[in-house]
Amino acid sequence: MPAVFLKDRSLLFVSGAEAQSFLQNLITTDISSLEPDEARPGALLTPQGKILFDFMIWQDGDGYMIETDAGQRDSLLKRLTMYKLRAAITLAPSTEEGVTVCWGEDAEGVRDSQGVRDSRFAKAGLTLTRRAGRHGDGKEALYDALRISHGIVSSGSDFALQDAFPHDVLMDFNGGLSFRKGCYVGQEVVSRMQHRGTARRRVVTVSAATALPGTGTEITAAGKPVGTLGSVEGGTGLAIVRIDRAGAAMAAGTPLLAGETPVSLTLPAWSGLVFPASADEASA
């Protein structure tokens, strides 16, 4: 399998005596339990519990590397600096640009060269590694097709920042959201959603017999909105939908449409989620 260079990813390095405690008290990820060769998803939330910035994070020497979209990096750096106050940490952009991802047989070689395993794909049963810098020339479309097939979303393509809760993008299942480590920004809101079971919007795989319409197309059941298409690759895509509405439509035999295209929806197997068959079941 190929090694794909993602040119639109950027890196920040957080180091210093208080780097772990600084991040642990701020972001959604429990970094105290990170394995040395593991990358986990994470987010910095708004006080209202929505995703302000999303990223991958892993250990790097005596600090932590944060990989995010290139368009987010400077704003994330500014926000982290705002929270820094007198903490004994150093925040700096990495000198390396972009990230290379490998999977399948190629992943083992990259891991030996300081690559880190992406925990999101590991939960989906696939070894995929991430490594700073350019170490391959595979087409980005291959990686997009891979993450779509495994139910792994990307901000910008699949959801808008400041519009989604961590539960919406399955961070409660992929290792990016901790309910045990104590307080962080937005923690009260996401903990309440977890304990009350009020998460209704979830990532699904969308399939059609023909090519799907473009990103942003509304998914409907009986003319009522269920969700919106995100990333699309041919007849397969991702969407964040109201699973209570989708489940009720499926139970009633009501067709689901992306624009005018009939579609079927599947929850990622690794999440263990199922569609509720009614609103009452969703509230149970």
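The values are calculated or read from the model by the stated rules, or taken from the named source; none is laboratory data. Since the structure is predicted, the reported quantities are computational estimates derived from the model, not experimental observations. Using ideal geometry, Cβ is built from the backbone for each residue, glycine included, and neighbour counts are taken over all protein chains shown. For accessibility, only protein heavy atoms count, side chains too; no ligands or nucleic acids. Shrake-Rupley method; radii C 1.70, N 1.55, O 1.52, S 1.80 Å.
Here are a few things to note about the model shown:
- Magnitude of the charge dipole for the range 78-191, about its Cα centre and with charges confined to Cβ atoms of Lys, Arg (+1) and Asp, Glu (-1), is about 600 debye.
- Dipole of the range 170-210 [Lys/Arg +1, Asp/Glu -1 at C-beta], most positive-end residue of T198, G182, L170: T198
- Computed over the chain, the per-residue total of -39500 (n - 2.57) for DSSP H runs of n ≥ 4 gives a 222 nm mean residue ellipticity of -6500 deg cm²/dmol, rounded to 500.
- DSSP-loop trypsin sites (Lys or Arg not before Pro) across the range 1-109, with at most 16 other Cβ within 10 angstrom: K7, R86
- Taken over the chain, the convex hull of the Cα atoms encloses 121 Å³ per residue.
- Å³ per residue enclosed by the Cα convex hull of the range 163-284: 110 Å³
- The alpha-carbon of K78 sits under 16 angstrom from the alpha-carbons of these aspartates and glutamates, leaving out residues fewer than 8 places away in its chain: D54, E67, D69.
- Taking the protein heavy atoms of the chain in the context of the full set of protein chains, the accessible area attributed to carbon and sulfur is 49 percent at 1.4 Å.
- Under the convention that each Lys and Arg Cβ holds +1 and each Asp and Glu Cβ holds -1, the size of the dipole of the chain around its Cα centre is about 780 debye.
- Computed from point charges on the beta carbon alone (+1 for Lys and Arg, -1 for Asp and Glu), the dipole magnitude for the range 123-280 about its Cα centre is near 540 Debye.
- Other-chain or far-sequence residues with amide H under 5 Å of A39's (modelled H): R117, D118, S119
- Pairs over the 32 Å Cα-Cα cut-off, from the set K50/K123; K50/K84; K7/K224; K7/K50: K7/K224.
- Remark: the range 116-258 carries 43 Å² of accessible area per residue (probe radius 1.4 Å; ligands, DNA and RNA excluded).
- Cα point-scatterer Debye curve for the range 143-186, base-10 log of I(q)/I(0) at q = 0.16, 0.24, 0.28 Å⁻¹: -0.51, -0.94, -1.11
- Extreme residue, positive dipole direction of the range 67-179, given options Y83, G98, F159 (C-beta unit charges): Y83
- Helix 70-84 vs. the chain, principal-axis angle (Cα, 0 to 90°, nearest 10): 60 degrees
- Top positive-direction residue, dipole computed over the chain with Cβ charges, set A145, T254, G230: T254
- Equivalent-ellipsoid semi-axes of the range 5-65, from the Cα gyration tensor, Å, largest first: 18, 16, 11
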